[in-house]
Amino acid sequence: MTFAQKTRKPRLFLNETGLHDYAVKALGRRMRTEVELRRLMQPRVEPGEHGAAVIEAVVARLREYGYLDDVAYAETFARLRQENEKLGARTVRQKLAQKGVPRAIVEETVEARYAGTNEETLARQYLERKRIRKPADEKETARVMRRLVSAGFSTSVIYRILRQWDVPEEALTVLKSVDEPHEE
């Protein structure tokens, strides 16, 4: 037995009141989805049906008080990613899904948020925010394209921007042939 194993106190499981306090503090530090909060609470309750029931009771109470709302979380998350980080809709969809927001909420929220948005303008704002300049060669062109794809912009918008930057057509042709299998 190692020293760490000898000195470690056994973790005490929380009752409903203790778990509720823990959850409120966790939500006070930052917004979380229901899935994220459940993951966070799981190790703090005893395993089995009793622990699951305690988590359910706490989640229901938090929802009732309005502290836990995946729709509000998704709307705030999408707004901040669009306004502050200038990210495209695809990336916002992926990140919300990773955080455990239900697919229907993700689709509805992203559609509403990006409905009146010009994707090309948003992509140009992203480029400006990241201080990405006109590429000088094929390698830089590929780098710019990867950055824009990872930021969630469609390839049609990316090619339009690159053409307006007078990127040589042969560089775009090479990129298109590499990109075709991944096209949406």
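Any read-out appearing in this document is the output of simple, stated calculations on the displayed coordinates, not a laboratory observation. Treat the numbers as computed from the prediction; the structure is a model and nothing was measured. Cβ placement follows ideal geometry from the backbone for every residue including glycine, while neighbour counts extend to all protein chains displayed.
Remarks
- Counting lysine pairs in the chain whose alpha carbons fall under 23 angstrom apart, excluding pairs fewer than 8 residues apart on the same chain, gives 10.
- Lys, Arg +1 and Asp, Glu -1 on Cβ, resulting dipole of region 119-182 about Cα centre, debye, nearest 20: 420
- Dipole magnitude for the chain: about 1080 debye, using +1 per Lys or Arg Cβ and -1 per Asp or Glu Cβ, origin at the Cα centre.
- Amide H partners (placed H, <5 Å) of A151, local residues excluded: none
- Check: region 13-65 dipole with +1 on Lys, Arg Cβ and -1 on Asp, Glu Cβ, in debye: 360
- Of L80, P43, Y67, farthest towards positive along the dipole that unit charges on Lys, Arg, Asp, Glu beta carbons give the chain: P43
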